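This report concerns only the one structure given below.
Please treat every number below as a calculation from the coordinates, not as lab data. Since the model is a prediction, treat every value here as computed from it, not as a measurement. Please note: Cβ atoms are built from the backbone with ideal geometry, for glycine as well, and neighbour counts cover all protein chains shown.
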Amino acid sequence: MLVLGIETSCDETAAALVDDTRAIRGELVASQLDEHRKFGGVVPEVAARAHLDLLDAIVREVMQRAGLTFADLDVVAATGGPGLIGGVLVGVTTAKAIALAAGKKFVAVNHLEAHALTARLTDDVQFPYLLLLVSGGHCQLLVVEGVGQYRRWGTTIDDAAGEAFDKSAKLLGLGYPGGPALEAAAKLGDPTRFPLPRSMVGKPGCDFSFSGLKTAVRTAIEKAGAHDLPDLAASAQAAIAEQLADRTARAAKRFTQEYPAGKQLVVAGGVAANATVRARLAAVAAKHGLDFVAPPPRLCTDNATMVAWAGLERARLNMFDGLDFAPRPRWPL
Ligand code: KG4
Ligand code: ZN
């Protein structure tokens with residue numbers, strides 16, 4: 001089975017080909033960074049127009065490089081939400097057109113499910129597994145029981161972890177996108193220098209909160225000098241990573257009790273590209289006797305390979321969508 005995946009829900013225009021031997025037959029990501037940087041964030045209208053400009057060429061290129069035509073496909077999958085609706089519309093409409101013209105099946109993929117299932121493409125991950133899903137818009141702890149079967153144990157009560165990175169980076173003048181910039185700035189910094197708040201740490205449950213961190217970073221900056229930037233970045237990163245580790249440790253404890261057959265802790269989403277976060281989570285997994293699985297960073301941030309793979313997982317279970325599928329700006333797992 002060969003699946004073409006399309007991702008257009010935020011600021012990456014991407015297409016990829018994945019088959020049922022778990023081989024990635026092609027992948028391309030065109031980032032719109034330069035177009036959004038001057039605005040300090042993603043502008044939905046600008047993103048939608050850029051997807052429209054880029055997507056045809058990206059799809060054509062990925063097919064050509066793989067030496068394949070639409071006739072070789074079995075399934076066309078596109079992110080159907082959640083995300084910026086203008087972009088999702090472009091991707092879904094393109095996928096439907098290809099499916100219709102080539103007589104192939106169509107799958108509308110939930111972007112969160114695509115992140116959630118990526119580890120099953122890159123590693124031997126079996127259901128059920130514990131998942132920390134940390135991206136720019138989401139911060140959740142879930143048990144993945146199967147395709148389309150999720151139990152949410154925790155979520156953020158305010159900002160997502162990626163937002164905490166992005167907002168801290170913005171306050172520090174590191175520009176956009178904030179996560180990778182903050183990680184780079186933190187490299188030479190002392191993470192213990194500024195005692196920033198670890199909201200929720202030690203509290204019951206598995207929920208997250210990051211809004212206090214933003215306020216504390218702002219206050220710290222007012223007192224600090226320009227030469228303190230690496231220490232501030234490292235301290236912010238440490239505060240975020242510690243909260244993620246604490247909440248995940250609670251979930252891991254519960255997971256090992258309630259799901260004795262479960263053996264793996266998986267991290268997914270853009271923030272999973274962060275080395276400090278990965279190291280903290282690896283330690284949590286080891287402490288609770290779980291294997292830690294993190295996809296390679298390029299498959300943690302938005303990409304179409306994960307969409308093609310989620311489409312393939314759904315197709316194997318005959319979970320197809322009709323061409324009347326309507327894009328969903330909001331679509332909880
Ligand atoms: O999954 P993703 O690419 O898009 C969404 O679905 O949101 O996640 C983007 C988020 C952004 O907030 C970005 O700053 C963050 O992931 N991110 C990182 C890193 N790379 C991306 N955060 C921390 N460290 C990184 N290396
Ligand atoms: Zn994402």
Report the residue, chosen from GLN257, GLN126, GLN243, that carries the largest GNM mean-square fluctuation when the chain is represented by alpha-carbon nodes joined by springs under 10 Å.
GLN257
Would you work out if the range 1-160 is rounded, prolate or oblate? Take a ≥ b ≥ c from the square roots of the eigenvalues of the alpha-carbon gyration tensor; rounded if a/c is under 1.5, else prolate when a/b is larger than b/c, oblate otherwise.
oblate
By how many degrees, between 0 and 90 and to the nearest 10, does the Cα long axis of helix 111-122 differ from the longest principal axis of the chain?
90 degrees
q = 0.14, 0.18, 0.24 Å⁻¹: log10 I(q)/I(0) that the Debye formula gives for the range 243-313, counting C-alpha atoms only
-0.47, -0.73, -1.03
Highest-first arrangement of 72-78, 96-102, where packing means the average Cβ count within 10 Å:
72-78, 96-102
What value, in deg cm²/dmol to 500, does the helix sum -39500 (n - 2.57) over DSSP H runs of n ≥ 4 give at 222 nm once divided by the residues of the chain?
-14500 deg cm²/dmol
Using a Förster distance of 30 angstrom, determine the FRET efficiency expected from the C-beta separation of VAL46 and GLU222, and round it to 0.05.
0.40
For 284-294, 27-37, ranked highest to lowest by mean beta-carbon neighbours within 10 Å, the order is 284-294, 27-37
With a ≥ b ≥ c from the Cα gyration tensor eigenvalues, square-rooted, and the rule rounded for a/c under 1.5, otherwise prolate when a/b > b/c and oblate otherwise, the range 127-294 is prolate
With bins 10 Å wide starting at 0, give me the P(r) of the range 25-69 over every alpha carbon pair, in whole percents.
26, 41, 25, 8
In what sequence, highest mean first, do 302-313, 41-52 appear when ranked by Cβ atoms within 10 angstrom?
302-313, 41-52
How many angstrom lie between the C-alpha centres of the range 186-244 and the range 91-146?
31 Å
Let me spell out the model: positive unit charges on the Cβ of Lys and Arg, negative unit charges on the Cβ of Asp and Glu, origin at the Cα centre of the range 127-294. What dipole size does that give, in debye rounded to 20?
300 debye
Run the dipole for the chain about the Cα centre, Lys and Arg Cβ at +1, Asp and Glu Cβ at -1, nothing else charged, and hand back the magnitude in debye, nearest 20.
740 debye
Per the charge dipole of the chain (beta-carbon charges, Lys/Arg positive, Asp/Glu negative, Cα centre), the residue among ALA30, GLY41, PRO195 reaching farthest to the positive end is PRO195
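Report the gain in length on full extension from THR215 to LEU323: 0.36 nm times residue separation, minus Cα-Cα distance, nm rounded to one decimal. Write out the running numbers ahead of the final one.
Numbers: separation 108, 0.36 × 108 = 38.88 nm, distance 4.60 nm.
Roughly 34.3 nm would be gained on extension.
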Along its three principal axes, how long is the chain when you only count alpha carbons? Whole Å, largest extent first please.
62, 50, 31
Taking the Cα centre of the range 179-246 as origin, sum charge times position over the Cβ atoms of Lys and Arg (+1) and Asp and Glu (-1), and report the length of that vector in debye to the nearest 20.
140 debye
